[in-house]
Every structure is written in C-alpha cells, then in structure tokens.
1. Cα-based Rg of segment 48-141 per 2.2 N^0.38 Å, rounded to two decimals?
2. For a paramagnetic label modelled at 7 Å from the Cα of Lys313 toward its Cβ, which residues of segment 245-259 fall within the zone defined by backbone nitrogen distances under 19 Å?
3. In the neighborhood of Gln92, defined by Cβ-to-Cβ distances under 9 Å, what is the net charge if each Lys or Arg adds +1 and each Asp or Glu adds -1?
4. May I ask you to order 68-74, 142-148 by the average number of other C-beta atoms within 10 Å around their residues, highest value first?
5. Within the accessible area of the chain, what % is carbon and sulfur when the probe is 1.4 Å and the other protein chains stay in place?
6. Would you mind computing, in nm to one decimal, how far apart the modelled labels at Leu363 and Lys33 are, each placed 7 Å from Cα along Cα→Cβ?
7. I'd like the accessible area for Tyr346: 1.4 Å probe, protein heavy atoms, all chains in place, Å² to the nearest 10.
8. Out of every Cα-Cα pair in segment 244-327, what percent are more than 17 Å apart?
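The values are calculated or read from the model by the stated rules, or taken from the named source; none is laboratory data. All values reported here derive from a predicted model rather than from experimental measurement. As a convention, Cβ positions derive from the backbone with ideal geometry for all residues, glycine included, and neighbour counts pool all protein chains shown. The area values use the complete protein model at the heavy-atom level, side chains included, leaving out ligands, DNA and RNA. Shrake-Rupley method; radii C 1.70, N 1.55, O 1.52, S 1.80 Å.
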Amino acid sequence: MPVLKDILKETEILQIAGDTATDVSGLYIDSRKITAGSAFVAVKGTTSNGHDFIAKAIELGATTIVCEKMPVDKVTGVVYVQVKDSTKAVGQLADAFYNEPSKQLKVVGITGTNGKTTTATLLFDLFEALGYKCGLISTVQNQIHDKTEVSTHTTPDAISVHALMARMVAAGCTHAFMEVSSHAIHQRRIEGIRFAGGVFTNITHDHLDYHKTFDEYINVKKSFFDGLPGDAFALTNADDKRGAVMLQNTKAYKNAYSLKAPATIKGKVLENNLTGLVMMVDNHEAHFRLIGTFNAYNLLAVYGSAVLLGEDKMNVLSILSNLQGAPGRFETFMSPNEKVLGIVDYAHTPDALINVLATINQLRVKGQQIITVMGCGGDRDKTKRPIMAQVVCEHSDKAILTSDNPRSEDPEEILNEMEAGLTITQKRKALRITDRKEAIKTACLLAQHEDIILIAGKGHETYQEVKGIKHHFDDREVLTETFKLLNK
C-alpha cells in the first residue's frame, strides 16, 4: 500500500499537519466514494467545491485530506496537506499513487476540434496490428488491449486516467493513445502524464459555452504542447492556420504534416471516391479504405506519429491501408434494394459539417440528392446553432432539422435558434421535425434510388439525453431498421 510521504513527492506543498508516514488505501475527489484509510482531495469544481465535503469524507473513513484551505477544526488521526492548487495536485498524486504508469508507456495525446477520435482509434488499431499491446482513451470507448471499457468523457478525470493507465501497464501494454480535450487540459485532467508525443489536428469554433472566447480556446490547446517534455515529439497540421501557433513554445521535437503547405510529412490525394482514398505519402503511393479529405489529414497524422515513434514507413502504410475508421465517423450503410447510401457522422460543429458535406458533394454523381438530418445539442455553444443550420441548407438538397441531445433545454427553442439563421430560400429546403426517429424516417421516405442521407451530430452515441435522462437511441440502428421497414 502506498505511503503518503511517497505520493507527495511531486506535489507543491504549503504545509502539513500530521504524520505523512501513514498508508493511503485509495485516492478520491468524490467524497461519496471514500473508503477507510483513503485520501480525499478537495477540488473546486465548476458546480461544487470539494472543501465543503471534507467533514463528510472524514466521516466515511478518509485519513488524509489534501486541500487549498486548511480547516480550522482538525480531527485527531487525520493528516492534512495544504497545497497551492488542489486541481493540479490531483494528477501529481494519482501519478505517484499508481506508480507512475505513463512513464512505463509511450503515451501519445491527440488534441484539436475534429479528428481526435479517428486519429486515436487508428493509432491504436495500427500499433495492435504491428504486434504491440496498446491502450486507447477516446470519446467512443476505452480499451486495454483486447478488453473494452465504457467511456463517459473524451478524457477521464485525473485519478481515473492514471488508474486506467496503471491497468494498461498491468496488462502488458507498451503504448497508449488518448484524446486530449480542451476541457481536460483546462481542468488539469492530464496533469502528471508523461507524453511521448502530442498531435494537433485542427481548430475551429467549438466549446465557446465553456471557454467564452476563441482566443482562450486556442491558448488552452496550445498549453498542451507548451507542457510537452524535450524528449517528446510535437506533430501539427501545417495546413491549419493555427498549426504553427501550437508549436511556438514547445520544448518537444517539432514536426508537421500537410497536403498543401511545406511539411516534414507530406501527402497528396490522388483519388477520393466512395471506395476510399489513393494518396501519395512521403513519395509512396498508398490505398486507404477511409473516405474524404478530412480523413486524408487523419491518416497523415497517424502515419507521422508512427514514424516518429520509430516504426518502419512501409510497414505503417501497409497496415494503414487495411484499417477502417472509428464507429460513427463517416460510417456508411447501403440499403439493399434502392441502394440509398446512409452516412452516420459525429459532425457537430460548423467546420466538421462543411468537411463531411463537401466530401459527399465531391463524391456524388449527377442526379443524386443529398438529404441531411441534423440537430444541435442543448447546454452547449448557442452561437453555432444558426450557422450549422445554414451549412446544412447550403450544402444539401434537402435539410431536416431535428433534436440532438437537448439535455436541460427545450428542443423547440433550440430549433427556433437554428432556424433563425436561415434565409427565405434556405427555409424552402428545410423541414422541421423535432422527433429524431421521425426525422430519420422522413429522410428515408424522401430518398430515391441511389440518393445519399447524412445523419449528423451523434455518431457513435447510443443514447439521447433529455432532462437529465439518457434514453436509448442509436442513429445507426434507426437508419438500418428504417431501411428494412420501408423496403429500401
């Protein structure tokens, strides 16, 4: 069992009251999970303050309290550790408590607005195929080699992520690939992790409900690269106008990938159709099963990361050519009779929608309609709602505006805000159907032979969140069931 003085070694301590030779049976930021002999870290969260639950934690058996403000009344037998920043301390304590698992793995973090899940998943699949045991931390799922765990956040809390990496080490994993969200960076959920590399995909307007300004969002992403060690690599998208900004102050080995600009890892799309991509990658022609220019960038990020981790270029390209993307990312379904192509994608930002619809428009043949079903999530950035409705109407033949995850908001109000951005001409293209299942059914009814239906926003998700309750809902299930029901 870890001893308190040992797990405090990397933490900035202001004062200690009590004996640090005490054993620590567990580490928690949620007082409800406290067990006998454990340590409770009082963190100031967005909705609650852990300092208000110190007494409850002690009552449940905590023998160590880590806090920013030392309690006036102390309980005999409890060790109190005052730190400057308890949010930062959580990751440092968790790293030491779990025996520094990230030091025993090659951890690569992927950040950016779009492409994180596909890039992380492809890296995991690639390195597994190369013969390594790997871990994956993603929006869709967490994996420890061949075992899958349910994912609840893009990046888990600091204690959970170190515990997960410790299980990866115990299972014999050598590599871990993780999505690094802007929330996780800002909330220090990646504190204490030793990264072997960091990848930047792109940045567009998103999460402004949390970050408030686009500049703050950019700076948070950049801080991830600022914190990389000198022996890590930093790989950026040179075609993104903020790509160079990400690497301005990093100590890591700087690299870039690109389809257009000069870069250390250069690609060129030769063919892009519904059967996949043909690309030149570092002067080698390669065929891939993924579709679209946005996936060409994801593939370059994966290839570049693998090469920077020391893998053979030709082996990497050979295996990548047979891999498929992540679930719910441009995932395709063909109706058996009328050959209607259904595409389910997680695109939930204006830029992601433009990328997906631009790809579909590029690939469709004359006479094919594009019918898009799309909604906007509740309790999220409201400024993008009218823009997303505009994008869908601008780049589709028919648009069906519907509900996504309304959460605590009224779905009708969300739809009102979406429609507010439409011109009279765009409104003629749009239908408003609040019930998402009915919206998908209507899209299937409208689709003629070989038309294309895009269902955007939820991707891999298997629920719809309404008023705090997650009801089972899977766009992929509804689409395939409707194809069958309508004999499409």
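1. Cα Rg divided by the expected 2.2 N^0.38 Å: 1.56.
2. 254-259
3. Values: positive: Lys9, Lys88; negative: Glu10, Glu12, Asp95, Glu191.
Taking every Cβ under 9 Å from that of Gln92, the sum is -2.
4. Numbers: 68-74: 12.3, 142-148: 16.4.
Peptide ranking by packing, descending: 142-148, 68-74.
5. Looking at the chain in its full context, I get 50 percent from C and S.
6. 4.0 nm
7. Here the accessible area works out near 50 Å².
8. 46 percent
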